[in-house]
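Readers should treat all values here as calculations from the given coordinates under stated rules, not as data from a laboratory. Just so it is clear, the structure is predicted and the values come from calculations on it, not from any experiment. So basically every Cβ, Gly included, is an ideal-geometry build from the backbone, and we count neighbours across all protein chains shown.
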Amino acid sequence: MRIPAFFTCGVAALALGCAEAPAPQVSADGRTPLVVPMDAADAVRAEMRTMLESIHAMLTAAPARDTAAMRQAAVAAGMAAAADTAHEDILPHAFVELGMATHMQFDSLGAALGAGLSADSAIARLSAITANCVSCHKTYRLEIGGAH
């Protein structure tokens with residue numbers, strides 16, 4: 001009978017007094033794994049969904065030139081939507097900085113829309129915001145692990 005390698009490695013680690021899981025391996029796509037507890041992953045994913053919903057709402061309102069709706073959507077993804085700061089200590093500083101910069105860009109866009117920015121100009125600025133999203137998703141991937 002063949003015993004799976006993950007089982008034998010786990011038993012060997014326990015026998016040696018090391019109950020820690022092995023370090024995550026970089027995936028074939030090269031992204032950096034962010035190994036976080038379930039509650040932190042849930043918070044980050046909820047934050048990203050809020051941003052995506054705001055982007056969708058802005059794009060939906062843009063053809064009608066409804067800058068009030070666009071402003072409301074932008075503000076919804078601003079700093080008020082930032083995840084609980086309790087998770088910041090377990091996330092890489094660069095990841096947190098990119099997230100905060102993105103929230104601030106949403107707030108800035110909302111303020112500009114409130115001050116009369118056109119829908120077309122807002123979409124141009126939205127492109128710069130989504131560049132942050134693309135950069136983040138190209139750089140990191142969430143994995144569940146560890147305790148919090």
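Points worth noting:
- Per-pair calculated FRET efficiency, R0 = 25 Å: THR139 and ARG45 via Cβ, rounded to 0.05: 0.95
- Set of region 95-128 residues, backbone N closer than 13 Å to the point 7 Å along the Cα-Cβ line of ARG65: 117-121
- For region 40-104, trypsin sites (Lys or Arg not before Pro) meeting the loop criterion (DSSP other than H, G, I, E, B) and having at most 15 other Cβ atoms within 10 Å: ARG65.
- Each Lys and Arg Cβ is given +1 and each Asp and Glu Cβ -1; about its Cα centre, region 26-144 then shows a dipole of about 440 debye.
- Volume of the Cα convex hull of region 26-144, divided per residue and given in Å³: 92
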